[in-house]
Amino acid sequence: MSNFNLAVIKGDGIGPEVVTEAMKVLDKIGEKFGHTFNYEQLLMGGCSIDVHGVPLTDEAVERAKQADAVLLGSIGGNTSTSPWYKLDPSLRPEAGLLKIRKELGLFANLRPALLYPELKGACPLKEEIADKGFDMMIMRELTGGLYFGERKTVEENGKKKAIDTLTYSEDEIRRIAIRGFDIAMKRRKKVTSVDKANVLDSSRLWRAVVNEVAKDYPEVEVEHMLVDNCAMQLVKDPAQFDVILTENMFGDILSDEASMVTGSIGMLASASLNETKFGMYEPSGGSAPDIAGQNKANPIATILSAAMLLRFSLDLDKEADAIEAAVKQVLKDGYRTCDIVSEGTKLVSCSEMGDLICERI
Ligand code: NAD
């Protein structure tokens with residue numbers, strides 16, 4: 001019997017609806033496998049602005065740090081109509097997200113992109129490619145590189161010039177590479193490291209450090225791929241990938257491309273990890289204000305994020321497998337929320353989908 005303490009941030013929009021379903025599934029797992037999940041609910045985003053005037057209090061950060069992991073729904077509202085977006089950018093909902101990522105030292109972002117055979121119709125790729133299926137994990141460095149380098153705009157001879165700098169230290173590369181190889185060991189044991197080593201020094205260092213780390217993982221197959229080729233391979237032959245390991249900007253672009261080829265935002269989980277086992281787990285989509293409060297949202301992305309939490313922060317692989325198998329089964333049985341419904345399938349609500357998944361655990 002184990003006891004785990006989870007910080008839960010339901011957030012805004014569909015966040016409370018989808019997180020409630022994920023908690024239901026975690027409780028079912030607890031019942032079946034003999035664990036207790038204690039939840040501490042914290043405010044972040046618009047709901048925190050409404051209560052505290054700021055999108056994330058220092059107290060909420062401290063409490064999140066005390067937990068074994070954080071489960072997050074989504075934050076934010078309609079960016080054209082919500083009063084939250086009349087505030088200074090530092091006080092808007094998204095500032096809470098940036099603050100918590102920084103405070104928790106989350107440097108590794110994981111986004112699985114998996115094509116379920118039952119949802120092949122939503123995949124925008126040709127049938128012969130979709131038929132082969134794919135199941136990859138994009139592992140993106142989150143706190144270094146071009147987005148965090150020095151930047152400035154200067155004027156030279158009356159013309160403006162903008163400069164952004166791309167910096168990576170070997171320690172920054174090593175810690176994400178170790179994470180990437182550890183995760184490959186829990187999967188099909190292949191790492192594709194993506195860089196631009198034919199042009200960039202930072203990429204040549206990236207490649208050298210990845211090769212060094214690889215020596216400690218003799219079971220893992222390693223390949224290096226240039227980012228432009230990877231962008232093409234993702235649409236030409238996505239089945240070849242297991243773990244894609246890459247730096248911040250390349251990962252930003254490639255992970256969106258990979259999620260597009262799955263065709264369904266409501267199915268996409270994600271995780272951000274720090275140096276320990278601690279992580280924050282959340283669906284890849286936003287707060288979907290257009291369908292919030294209607295019990296229509298697809299809770300599967302959040303339920304699969306909870307499965308990642310079990311696997312990566314709590315080392316509960318069997319339990320994570322059970323959730324993933326239940327999701328596959330519910331799709332096989334023909335149940336769909338409104339975002340993935342198609343002819344011949346059964347439309348269910350957010351809470352019904354949660355119940356159906358629990359029944360299959
Ligand atoms: P969105 O992902 O919220 O919605 C895009 C479309 O996908 C909408 O039509 C929505 O109904 C649909 N959708 C998303 N998730 C769904 C689900 N689980 N089930 C069914 N349909 C789903 O993106 P947006 O409209 O650009 O942004 C809305 C708000 O979310 C904004 O305030 C934005 O800043 C915020 N946002 C938050 C996060 C986060 O919390 N990490 C991420 C992205 C956007």
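Summary table
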{"read-out": "Subset of the stretch 34-55 (residues that are among the hydroxyl-bearing types (Ser, Thr, Tyr) and exposed (fewer than 15 other Cβ atoms within 10 Å of the Cβ))", "value": "Thr36"}
{"read-out": "Whichever residue in the stretch 291-346 is basic (Lys, Arg) and away from the ligand (no atom under 14 Å from the Cβ) and, among such residues, is farthest from Phe37 (Cα to Cα)", "value": "Lys346"}
{"read-out": "Single residue of Ala95, Ala69, Ala60, Ala64 found to be of a type in the set (Gly, Ala, Ser), over 24 Å from Gly293 (Cα atoms), in contact (Cβ under 8 Å) with a residue 12 or more places away in the chain and out of contact with any Ser or Thr (no Cβ under 9 Å at 6 or more places or on another chain)", "value": "Ala64"}
{"read-out": "Members of the stretch 281-290 that are assigned to a strand (DSSP E or B) and within 10 Å of the ligand (Cβ to nearest atom)", "value": "Glu282, Pro283"}
{"read-out": "Search result, residues across the stretch 93-111 that are in contact with a Gly (Cβ under 8 Å, 6 or more places away or on another chain) and more than 18 Å from Gly145 (Cα to Cα)", "value": "Pro93, Glu94, Gly96, Leu97"}
{"read-out": "Meets criteria (within 10 Å of the ligand (Cβ to nearest atom), touching a residue at least 60 places away in the same chain (Cβ under 8 Å) and not hydrophobic (A, V, I, L, M, F, W, C)) for Gly77", "value": "yes"}
{"read-out": "Residue within the stretch 139-146 that is surrounded by fewer than 18 Cβ atoms within 10 Å (Cβ to Cβ), in a helix (DSSP H, G or I) and not β-branched (Val, Ile, Thr) present", "value": "yes"}
{"read-out": "Residue within the stretch 97-117 that is over 20 Å from Met44 (Cα atoms) and in a helix (DSSP H, G or I) present", "value": "yes"}
{"read-out": "Number of the condition not met by Ala67 [criteria: (1) more than 16 Å from the ligand (Cβ to nearest atom); (2) surrounded by fewer than 17 Cβ atoms within 10 Å (Cβ to Cβ); (3) hydrophobic (A, V, I, L, M, F, W, C)]", "value": "(2)"}
{"read-out": "Residues that are surrounded by fewer than 23 Cβ atoms within 10 Å (Cβ to Cβ), among the hydroxyl-bearing types (Ser, Thr, Tyr) and either within 23 Å of Glu62 (Cα to Cα) or touching a Phe, Trp or Tyr at 6+ places or on another chain (Cβ under 8 Å) (or both), drawn from the stretch 266-308", "value": "Thr276"}
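Each row is one residue, and each column tells you yes or no for (1) over 16 Å from Gly286 (Cα atoms); (2) among the small types (Gly, Ala, Ser).
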position: Ser2; (1), (2): yes, yes
position: Lys10; (1), (2): no, no
position: Ile14; (1), (2): no, no
position: Glu17; (1), (2): no, no
position: Asp27; (1), (2): yes, no
position: Phe33; (1), (2): yes, no
position: Gln41; (1), (2): yes, no
position: Gly45; (1), (2): no, yes
position: His52; (1), (2): yes, no
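This table checks each residue for (1) closer than 20 Å to Thr20 by Cβ; (2) of a type in the set (Phe, Trp, Tyr); (3) within 16 Å of the ligand (Cβ to nearest atom).
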{"site": "His52", "(1), (2), (3)": "no, no, no"}
{"site": "Glu59", "(1), (2), (3)": "no, no, no"}
{"site": "Thr81", "(1), (2), (3)": "no, no, yes"}
{"site": "Trp84", "(1), (2), (3)": "no, yes, yes"}
{"site": "Ser90", "(1), (2), (3)": "no, no, yes"}
{"site": "Lys99", "(1), (2), (3)": "no, no, yes"}
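Bear in mind these aren't lab numbers, they're just calculated from the coordinates by the rules spelled out. Predicted model only: the values in this text are computed from it and were never measured. Virtual Cβ from ideal backbone geometry, glycine too; neighbours counted across all protein chains shown.
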